[in-house]
Amino acid sequence: MLFPECLTGALERQLGLAKALAAQDFAKHIPVALPGLLHKKYPYAAHAERWAWLFPSKSICRDPRANKLVRWRCHESNV
């Protein structure tokens, strides 16, 4: 086991919330911000559920690299 069993329920709820938020974003054509140059290597990954953050940020923001609205991950201090 990689994490304590007592966290299973909480992580499953978080996964459900993250998937729902990603689905809403993708319906609005808001991509996930990918780290580094992954957006060039995998151009469709920013709109794929498997690349969505488990702990997404609460709001979208402008990506300075691509100059478009994206959803970043939640900062570690907020988790």
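The values are calculated or read from the model by the stated rules, or taken from the named source; none is laboratory data. Predicted, not measured: the structure shown is a model, and the values here were computed from it. Virtual Cβ from ideal backbone geometry, glycine too; neighbours counted across all protein chains shown. Each accessible area value is taken on the protein alone, full model and side chains, heavy atoms only, with ligands, DNA and RNA left out. Shrake-Rupley method; radii C 1.70, N 1.55, O 1.52, S 1.80 Å.
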**Asked** Are there chymotrypsin sites (Phe, Trp or Tyr not before Pro) in the chain that DSSP puts in a loop and that have at most 10 other Cβ atoms within 10 Å, and which ones?
**Response** Tyr44
**Prompt:** Do you know the relative contact order of the chain, to the nearest whole percent, from alpha carbon pairs under 8 angstrom that are 6+ apart?
**Reply:** 27
**Item:** Debye, to nearest 20: dipole size of the chain, +1 on Lys, Arg Cβ, -1 on Asp, Glu Cβ
**Value:** 420
**Request:** Note the listed values (i) 18, 48, 26, 8, 0; (ii) 20, 59, 21, 0; (iii) 15, 27, 19, 16, 12, 8, 3, 0, then indicate which one is P(r) over Cα pairs in 10 Å bins from 0, in percent calculated from this particular structure.
**Result:** (i)
**Dipole of region 11-57 [Lys/Arg +1, Asp/Glu -1 at C-beta], most positive-end residue of Leu37, Pro56, Ala23** = Leu37
**Item:** Candidate residues Cys61, Cys6: accessible-area rank, largest first, probe 1.4 Å
**Value:** Cys6, Cys61
**Item:** Within region 4-43: backbone nitrogen closer than 15 Å to the Ser57 label point (7 Å, Cα to C-beta)
**Value:** 30-36
**Prompt:** Once every DSSP H run of n ≥ 4 in the chain is given -39500 (n - 2.57) and the sum is divided by its residues, what mean residue ellipticity at 222 nm do you get, rounded to the nearest 500 deg cm²/dmol?
**Reply:** -9500 deg cm²/dmol
**Item:** Carbon/sulfur fraction of accessible area - region 1-76, other protein chains in place, 1.4 Å, %
**Value:** 62
**Message:** Taking the 0 to 90 degree range and rounding to the nearest ten, how far is the long axis of helix 8-27 tilted relative to the main principal axis of the chain, both from C-alpha atoms?
**Reply:** 20
**Message:** Can you pull out the trypsin sites (Lys or Arg not before Pro) in the chain whose DSSP state is coil and whose Cβ has at most 15 other Cβ atoms within 10 Å?
**Reply:** Lys28, Lys58, Arg65
**Prompt:** Probe 1.4 Å, all protein chains in place: accessible area of Glu49 in Å², nearest 10?
**Reply:** 100
**Message:** Counting heavy atoms of the protein chains only and a 1.4 Å probe, report the per residue accessible area for the chain as a whole number of Å².
**Reply:** 77
